[in-house]
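Input: one structure, supplied below.
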Amino acid sequence: MDAKGKKFFSDINKSPNCCYYIYSPLLEGTLDSIRENILKDSSLYHDMLYQIISAIDVMRKHGFTHNDLQSQNIMYKLDTKFKYNWYIIDYGNISHDDYPPSRLDKLRGPKTLDLITFVRTCCIINTAQKYLNKNKIEYPSNKRIVSRIKKSKYYEDIKKYIPNEFLNSPDTNENNIDMIILTIFILKQYDVYKEYIGFNLQTDNYDLICPNKELLEFIIKKCNSKNYSNILTKILSYSK
Ligand SMILES: Nc1ncnc2c1ncn2[C@@H]1O[C@H](COP(=O)(O)OP(=O)(O)OP(=O)(O)O)[C@@H](O)[C@H]1O
Ligand SMILES: [Mg+2]
């Protein structure tokens, strides 16, 4: 850092001798800003999935949960060959299995399953919900939709995707189960989902954008595996 930069940081830290420098590579943009392009290109999509799920796998192996893995917290940088390198940022909500729960952990309740948040918020584009949000049209909460799914004929099939340990454990985070149910329902029954949220425009422009539903169903089924090597191998089998 040049002298001008050092002076700037010393000034905002109100001390000539002591200041924080936070190092992170300067990244070019968020996944959020280019999500549609990535989801429409199968090869970029599978590569992004591979890189981010490898990173989740590393965090998980070491006991960490990011807790906020949405598309604004994933960024890219193009390398010299114009290949996308993907990064997870914003560790402000992170928790660790061995640390006593922080104030935030207590407020938030049981930790989230990063892989499910990632699939739900980054790997599909729910165009119908996006339309309702954009036009400020109210629709039922996720909780209401999930409770309706549970009472429907579709639930028998959807239940098969919830890891058994989740169904049988008293300390399972209900939110994780709800998110699995909702995501599988969106993937497998998007037309019925649209009906449930009160979306009634009958045009193909509002399909679910997802290059590979079968892969996401597989990922969800394996979301509680000890490690994600099976998932990563499966992604590679789709990569060109
Ligand atoms: N390494 C980086 N390089 C370039 N831009 C970054 C970098 N880290 C963060 N940003 C930008 O800053 C934004 C916010 O960063 P971050 O997610 O870490 O904070 P935040 O707590 O979510 O802040 P806020 O909620 O106010 O957006 C990111 O969405 C991104 O646009
Ligand atoms: Mg953020």
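Where nothing but the Cβ of Lys and Arg (+1) and of Asp and Glu (-1) is charged, how large is the charge dipole of the chain around its Cα centre, in debye to the nearest 20? Mind showing how you got there, number by number?
Numbers: 35 positive and 28 negative charges, 38 e Å.
Roughly 180 debye for the chain.
Then there is this: Using the number of other C-beta atoms within 10 angstrom as an exposure proxy, rank Ile177, Ile235 with the fewest first. Before the final figure, lay out the partial values.
Details: Ile177 18, Ile235 23.
If I rank by nearby Cβ atoms, fewest first, I get Ile177, Ile235.
Among Arg144, Arg35, Arg108, what is the fewest-to-most ranking by other Cβ atoms within 10 Å? Show your work: numbers first, answer last.
On the way: Arg144 12, Arg35 20, Arg108 17.
Arranged by neighbour count, lowest to highest, Arg144, Arg35, Arg108 become Arg144, Arg108, Arg35.
For region 38-150, take every pair of Cα atoms, bin their distances at 10 Å starting from 0, and report each bin as a whole percent.
For region 38-150, the pair-distance distribution reads 12, 35, 32, 19, 2.
Kindly rank 195-205, 54-64, 149-159 from highest to lowest mean number of other beta carbons found within 10 Å of each residue. Don't skip to the answer; put the middle values down first.
Values: 195-205: 11.4, 54-64: 15.5, 149-159: 13.5.
The densest-packed peptide leads the list: 54-64, 149-159, 195-205.
Here's another thing I want to ask about it. For helix 174-188, what angle does its Cα long axis make with the longest principal axis of the chain, in degrees from 0 to 90 and rounded to 10?
Helix 174-188 and the main axis of the chain meet at about 60 degrees.
Also: Can you give me the P(r) profile for region 27-239? Cα pairs, bins 10 angstrom wide beginning at 0, each as a whole percent.
Pair shares across the bins are 7, 32, 38, 20, 3, 0.
Where a Cα-Cα gap under 17 Å defines reach, which lysines qualify for Lys226, not counting those fewer than 8 residues away within the same chain?
Candidates past the 8-residue exclusion: Lys61, Lys111, Lys234.
Another one. Taking the number of other C-beta atoms within 10 Å as the exposure measure, put Thr117, Thr80, Thr233 in order starting with the fewest.
Thr80, Thr233, Thr117
Still on this structure, I have one more. Convert 10 °C to kelvin, take the viscosity as 1.306 mPa s, use the Kirkwood radius over C-alpha pairs of region 138-237 as Rh, and evaluate the Stokes-Einstein diffusion coefficient in µm²/s, rounded to a whole number.
Numbers: Rh = 14.9 Å.
After rounding, the answer is 107 µm²/s.
Any of Lys159/Lys213; Lys77/Lys213; Lys83/Lys222 with alpha carbons more than 24 Å apart? Name them for me.
Numbers: Lys159/Lys213 17 Å; Lys77/Lys213 27 Å; Lys83/Lys222 28 Å.
Over 24 Å Cα-Cα: Lys77/Lys213; Lys83/Lys222.
Please give the helix 229-238 orientation as an angle from the longest Cα principal axis of the chain, in degrees from 0 to 90, rounded to the nearest 10.
The two axes meet at around 80 degrees.
Here's something else I'd like to know. Helix 42-61 sits at what angle to the longest principal axis of the chain, using alpha carbons and giving 0 to 90 degrees rounded to 10?
Taking Cα atoms only, the helix is inclined about 70 degrees.
Coordinate-derived values only; no laboratory data. The shown structure was predicted, so the numbers you read here are calculated from the model rather than taken from an experiment. Here the Cβ is made from the backbone with ideal geometry for all residues, glycine too, and neighbour counts use every protein chain on show.
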